[in-house]
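For reference, the structure is listed below as structure tokens.
The values are calculated or read from the model by the stated rules, or taken from the named source; none is laboratory data. Because the structure is a prediction, the values reported are computed rather than measured. Here Cβ is always computed from backbone atoms with ideal geometry, including for glycine, and neighbour counts include all displayed protein chains. For accessibility, only protein heavy atoms count, side chains too; no ligands or nucleic acids. Shrake-Rupley method; radii C 1.70, N 1.55, O 1.52, S 1.80 Å.
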Amino acid sequence: MDKQSPILELKHITKRFGNITANEDVSLEVYQGEILALLGENGSGKTTLMNAIAGIYYPEEGQIFVNGKEVSINSPKDAYDLGIGMIHQHFKLIDVLSAAENIVLGLKDKRRYDLKAAGAKIREICDKYGFDVDPNQKIYNMSVSQKQTVEIVKVLFRGADILILDEPTAVLTPQETEKLFNVLRNMKQDGKSIIIITHKLNEVLEISDRVAILRKGRYICDIKTSEADTQQLTDAMVGHAVTLNIERKVPVDPKDKIIVKNLTVRDSDGVEKLKNINFTARTGEILGIAGISGNGQKELLESIAGLQKIETGSILFVNEDGTEEELVGMDPKKITDMGITLSFVPEDRLGMGLVGNMDLADNMMLRSFRHGRGLFTDRKAPYELAEQVVKELEVNTPSIRTAVRKLSGGNVQKVLVGREIAAAPTVLMTAYAVRGLDINSSYIIYDLVNKQKARGVAVIYVGEDLDVLLELCDRILVLCDGQVSGELDGREADKQKVGLMMTKLGGAEHE
Amino acid sequence: MNRIPLIHISRRKDIVWYKAWLIRIIAIILALVLCGIITMVTTGLNPIKVYAAMIDGTFGTTRRIWMLCQNIAILLCISIALAPAFKMRFWNLGGDGQALMGALGAAAVMILLGDKIPNGLLILIMVVVSIVCGAIWAVIPAVFKARWNTNETLFTLMMNYVAIQLVAFFVIVWEVPKGAGKIGIINQNTNAGWFPQVGGSKYLLNIIIVAVLTIAMFIYMKYSKHGYELSVVGESEPTARYVGIKVRKVIIRTMVLSGALCGVAGLLLVGGTDHTLTTTLVSGRGFTGVMVAWLAKFNPIYMVLTSFLIVFLQRGSGEITTAYSLNQSYGDIITGIILFFIIGCEFFLNYKVSFRKSHKEVA
């Protein structure tokens, strides 16, 4: 299948946003029946390039050929007409409609609107590729993985031969990812071409036939997956050699720092989010929290940070001298006033940890604005801190005065983590600190977390990538359905066991 | 499939200041040209003469310039009062009512205590009472919003009507002479509670007070801890809670400030210039102020410019409708077109429009 003519060909594509060049002179080919992985760091222009093919953006320069004919793609409809469909990172579905209604929505059909026929066609597509979709199910009743499936079926329904998936696995559990990959393989068998954007190198190696690498908006090279390895891909992506080891030192003199006892939390609807949680976080140690997203991780961290209304239980902070202080009933300001420096990198970076419309310096000020003299804020220290964070963490930003929402995901995260660590915390909590980050940025974050551990900080690390949790953490607490499913030693735990505990309460303990 | 979009719109990262001003000036020129064409077609008048009349109506005499400054001062006072509320994303549409309550408070003190206590003390009490009245009118919806998350837009709007009814009631209570249905000039003989004239003008003191308040508000919003807190609350409440800002407290505190400053505007109208109380005293400035604040993106210093623009358009269009005995709507049309262009040019400040070079065909 190799030396046929490409089904999709990009020639010298350049796309600019104002003064920023997102893609420069990118040429790329896609062949029929192949899975091409598009790899690159955060902000390297992968999504922009794909959006240009899908008709979201129109490139300033360059040409696009489909089946050897030059085309001009002005809208997603043009893209569909050419057999190109994109599944975006953020789903574009209407919650109150059913799967079938969402799939046919926007189709220009001369004939009468016939949902039954559409349903039949949807079932046919599902059977062909092994999807699992009920056409009549409403979107709001669906899991993230089901919604993604609807998006893929929507694209196939419109007759797409070239499918673009933008980070499809970021929101999936390992099992769901496996299911998705099986479907992708089926589609490939059927002669479809697939372009997949992902940060996870093991997935790239597992699913793709060929890898194309972008760096800083430019096309670097393409490598046959069968001839590639993790190290080689990383180096090509980053542009220089990177060490891919997470150092795990033995904790030095761990002491109890945060003791959680019988913690129970309900949400505003009265649903129990956390049930009778018990654990201890110790100084100089990384406590990993594993679990499928949405099993109480958010509530747990927010409880400790003083942001959650607590039903019953206690959260004790142990002082240097061994005395204990109750954190339940405190708010973040009271906790700070007690002299406890508790740093928290929340899951929703722009929604909670940072203010998107404010610049870097003003975001640094979130933690320090009370330090100013009298009525006024001190604006100099945050500015200097922002400069320092930008320099030390290699934040890619036009200036300190740039609004944070204009930065790419990885850089936003660096700003947040940088600020939280700069406070010299005694407790550091991070939720999905590397979600959406490229490999280089991820390793910078792991390194930062490890440095805090070496400083004697009690680190609570909520993660989703089991490989990383097993490499990084000293102890791992597994959450399932708001309960502690088990606690394991990070050095001895194995992936299978943790995976089981994530899906079944106390899963592995019976074995 | 080979059609290429001719016009290409892209977001600007940032824009140099002189370019931004060039775009604004072009917008105003275009607006004037369009207004001119409409003037010629619909009225047959020479547009240059019409514009000259507008300018003459605003700047023509010393009195007119004083009136212009006075109108700017009052509008600006209400606009800077609304700015922190809007920056906090609290839609305070109750500026009219809050200012009217301040006016009511000041008038009540003048009528009830006038001549009974020394004038200096009287004015001091007027200041306190009008500020408290304005603040109360603003804090009621704020408390409801902070406690029960009620919709502040409707709430503040409705409070305007309550204020108007209250004033209407007191106008009848205090009417002079009985049966007149209006209060007339308060303390006309004694001038009790009238602000002292500065520099021989009854307008200058108001203007100075508002200038000081404007600068103070600029500093408050940009450099103070309170100003920082209210902008964080406006941008994201979860973030505010995350850093330990008490959202309820900030909402209530900011609205007290907003209402108090509206109250000051009412005070300046009653004590400084008008010396009377009517239901139409504030004449919709609580709403015009919303536009002034948004146009200036909540920067009190820019609000000086935007309030000047609005007042100029109001007074200028008023002048031409009387000078050429045109329909009242004519002035509104001119004002509408000019505002449309000024607001519309924001698009060109945020987006770049370029024409695509046609690139060569490939067979």
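Could you say whether any residue in the range B:227-245 is more than 14 Å from chain A (Cβ to nearest Cβ), surrounded by 22 or more Cβ atoms within 10 Å (Cβ to Cβ) and out of contact with any Ser or Thr (no Cβ under 6 Å at 6 or more places or on another chain)? For the range B:227-245, residues more than 14 Å from chain A (Cβ to nearest Cβ), surrounded by 22 or more Cβ atoms within 10 Å (Cβ to Cβ) and out of contact with any Ser or Thr (no Cβ under 6 Å at 6 or more places or on another chain): absent. Sub-9 Å Cβ pairs linking a first residue in the range B:96-117 that is over 15 Å from residue B:195 (Cα atoms) to a second residue that is among the basic types (Lys, Arg), at least 6 apart or interchain, are B:96/B:285; B:99/B:285, ordered by first then second residue. Among the conditions (1) touching a residue at least 60 places away in the same chain (Cβ under 8 Å); (2) part of a loop (DSSP other than H, G, I, E, B); (3) more than 14 Å from every other protein chain (Cβ to nearest Cβ); (4) over 27 Å from the mean Cα position of the chain (by Cα), residue A:322 misses just one, which is (1). Checked against the criterion of being in contact with a helix residue (DSSP H, G or I) (Cβ under 8 Å, 6 or more places away or on another chain) and not assigned by TED's automatic domain parsing to the domain that holds residue A:34, the candidates A:249, A:200 yield just one match: A:249.
To keep it simple, each residue is scored yes or no on (1) among the charged types (D, E, K, R); (2) buried (at least 19 other Cβ atoms within 10 Å of the Cβ).
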{"residue": "A:134", "(1), (2)": "yes, no"}
{"residue": "A:139", "(1), (2)": "no, no"}
{"residue": "A:154", "(1), (2)": "yes, yes"}
{"residue": "A:158", "(1), (2)": "yes, yes"}
{"residue": "A:162", "(1), (2)": "no, yes"}
{"residue": "A:165", "(1), (2)": "no, yes"}
{"residue": "A:169", "(1), (2)": "no, yes"}
{"residue": "A:176", "(1), (2)": "yes, yes"}
{"residue": "A:187", "(1), (2)": "no, yes"}
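When A:294, A:313 are checked against the criterion of being at pLDDT 90 or above and more than 14 Å from chain B (Cβ to nearest Cβ), a single residue qualifies: A:313. I'd like to know if the range A:44-53 contains one or more residues that are surrounded by 18 or more Cβ atoms within 10 Å (Cβ to Cβ) and on the phi > 0 side of the Ramachandran plot. Yes: one or more hits. Among all residues of the range B:91-100, there is at least one that is open to solvent by 10 Å² or more (accessible area, probe 1.4 Å), out of contact with any strand residue (DSSP E or B) (no Cβ under 6 Å at 6 or more places or on another chain) and not acidic (Asp, Glu). Does residue A:307 satisfy being assigned to a loop (DSSP other than H, G, I, E, B) and within 12 Å of chain B (Cβ to nearest Cβ)? It is true that residue A:307 is assigned to a loop (DSSP other than H, G, I, E, B) and within 12 Å of chain B (Cβ to nearest Cβ). Here residue B:25 clears all of (1) under 28 Å from the mean Cα position of the chain (by Cα); (2) surrounded by 12 or more Cβ atoms within 10 Å (Cβ to Cβ); (3) away from chain A (no Cβ under 14 Å) except the condition numbered (2).
Which residue is least open to solvent (accessible area, probe 1.4 Å), if the candidates are limited to the range A:55-81 and must be among the hydroxyl-bearing types (Ser, Thr, Tyr) and in a loop (DSSP other than H, G, I, E, B)? Within the range A:55-81, the match that is least open to solvent (accessible area, probe 1.4 Å) is A:72. Restricting attention to the range A:116-150, the residues being in a helix (DSSP H, G or I) and under 20 Å from residue A:160 (Cα atoms) number 18.
Please verify whether residue A:21 is modelled with pLDDT under 85 and of a type in the set (Val, Ile, Thr), treating the condition exactly as stated. Considered against the rule, which asks whether it is modelled with pLDDT under 85 and of a type in the set (Val, Ile, Thr), residue A:21 comes out as yes.
Report yes if residue A:408 is surrounded by fewer than 23 Cβ atoms within 10 Å (Cβ to Cβ) and either free of Cβ contacts under 8 Å to residues at least 12 places away in the same chain or farther than 30 Å from residue A:295 by Cα (or both), otherwise no. In short, no.
Within the range A:319-339, identify whether any single residue is touching a Pro at 6+ places or on another chain (Cβ under 8 Å), open to solvent by 60 Å² or more (accessible area, probe 1.4 Å) and of a type outside the set (Gly, Ala, Ser), and answer yes or no. Within the range A:319-339, not a single residue is touching a Pro at 6+ places or on another chain (Cβ under 8 Å), open to solvent by 60 Å² or more (accessible area, probe 1.4 Å) and of a type outside the set (Gly, Ala, Ser). Here residue B:83 fulfils each of the conditions (1) under 30 Å from residue B:231 (Cβ atoms); (2) surrounded by fewer than 20 Cβ atoms within 10 Å (Cβ to Cβ); (3) modelled with pLDDT of 90 or more apart from (2).
So if I check each of A:265, A:242, A:211, which one is among the β-branched types (Val, Ile, Thr), more than 30 Å from residue A:26 (Cα to Cα) and either surrounded by fewer than 19 Cβ atoms within 10 Å (Cβ to Cβ) or at pLDDT 85 or above (or both)? It would help to see each step written out before you state the result.
Numbers: A:242 fails: more than 30 Å from residue A:26 (Cα to Cα); A:211 fails: more than 30 Å from residue A:26 (Cα to Cα).
Exactly one of A:265, A:242, A:211 is among the β-branched types (Val, Ile, Thr), more than 30 Å from residue A:26 (Cα to Cα) and either surrounded by fewer than 19 Cβ atoms within 10 Å (Cβ to Cβ) or at pLDDT 85 or above (or both), namely A:265.
Among the candidates A:128, A:108, A:121, single out the residue that is more than 25 Å from the chain's Cα centre (by Cα), among the basic types (Lys, Arg) and either surrounded by 14 or more Cβ atoms within 10 Å (Cβ to Cβ) or not assigned by TED's automatic domain parsing to the domain that holds residue A:164 (or both).
The match here is A:121.
Test residue A:96 against the criterion of being away from every other protein chain (no Cβ under 14 Å) and over 24 Å from residue B:9 (Cα atoms), and give yes or no. Yes; evaluated as a whole, the condition is true for this residue. Does residue A:357 meet the test of being without any contact (Cβ under 8 Å) to a residue 60 or more places away in the chain, open to solvent by 60 Å² or more (accessible area, probe 1.4 Å) and either more than 11 Å from chain B (Cβ to nearest Cβ) or not in a strand (DSSP E or B) (or both)? Considered against the rule, which asks whether it is without any contact (Cβ under 8 Å) to a residue 60 or more places away in the chain, open to solvent by 60 Å² or more (accessible area, probe 1.4 Å) and either more than 11 Å from chain B (Cβ to nearest Cβ) or not in a strand (DSSP E or B) (or both), residue A:357 comes out as yes.
Please work out if residue B:218 is of a type in the set (A, V, I, L, M, F, W, C) and open to solvent by 50 Å² or more (accessible area, probe 1.4 Å).
yes
Only one entry in B:148, B:66 is touching a strand residue (DSSP E or B) at 6+ places or on another chain (Cβ under 8 Å) and at pLDDT below 95, namely B:66.
Being β-branched (Val, Ile, Thr), in a loop (DSSP other than H, G, I, E, B) and under 30 Å from residue A:410 (Cβ atoms) is true for just one of A:335, A:258, A:246, A:286. Which residue is that? Testing whether each residue is β-branched (Val, Ile, Thr), in a loop (DSSP other than H, G, I, E, B) and under 30 Å from residue A:410 (Cβ atoms) leaves just A:246. For the range A:416-432, a residue qualifies if it is more than 13 Å from chain B (Cβ to nearest Cβ) and not aromatic (Phe, Trp, Tyr), and the qualifying residues are A:417, A:418, A:421, A:422, A:424, A:425, A:426, A:427, A:428, A:430.
One residue alone among B:298, B:287 is out of contact with any Ser or Thr (no Cβ under 7 Å at 6 or more places or on another chain), surrounded by 21 or more Cβ atoms within 10 Å (Cβ to Cβ) and either of a type outside the set (Phe, Trp, Tyr) or at pLDDT 85 or above (or both), and that residue is B:298. Look at residue B:257 and say whether it is open to solvent by 40 Å² or more (accessible area, probe 1.4 Å), modelled with pLDDT under 95 and more than 9 Å from chain A (Cβ to nearest Cβ). Answer is no for this residue. Is one or more of the residues making up the range B:264-283 outside any helix (DSSP H, G or I), open to solvent by less than 10 Å² (accessible area, probe 1.4 Å) and within 14 Å of chain A (Cβ to nearest Cβ)? No, there is no match, as no residue in the range B:264-283 is outside any helix (DSSP H, G or I), open to solvent by less than 10 Å² (accessible area, probe 1.4 Å) and within 14 Å of chain A (Cβ to nearest Cβ).
Restricting the search to the range B:39-65, which residues are assigned to a helix (DSSP H, G or I) and surrounded by 15 or more Cβ atoms within 10 Å (Cβ to Cβ)?
Across the range B:39-65, the qualifying residues are B:39, B:43, B:47, B:50, B:51, B:53, B:54, B:56, B:57, B:58, B:64.
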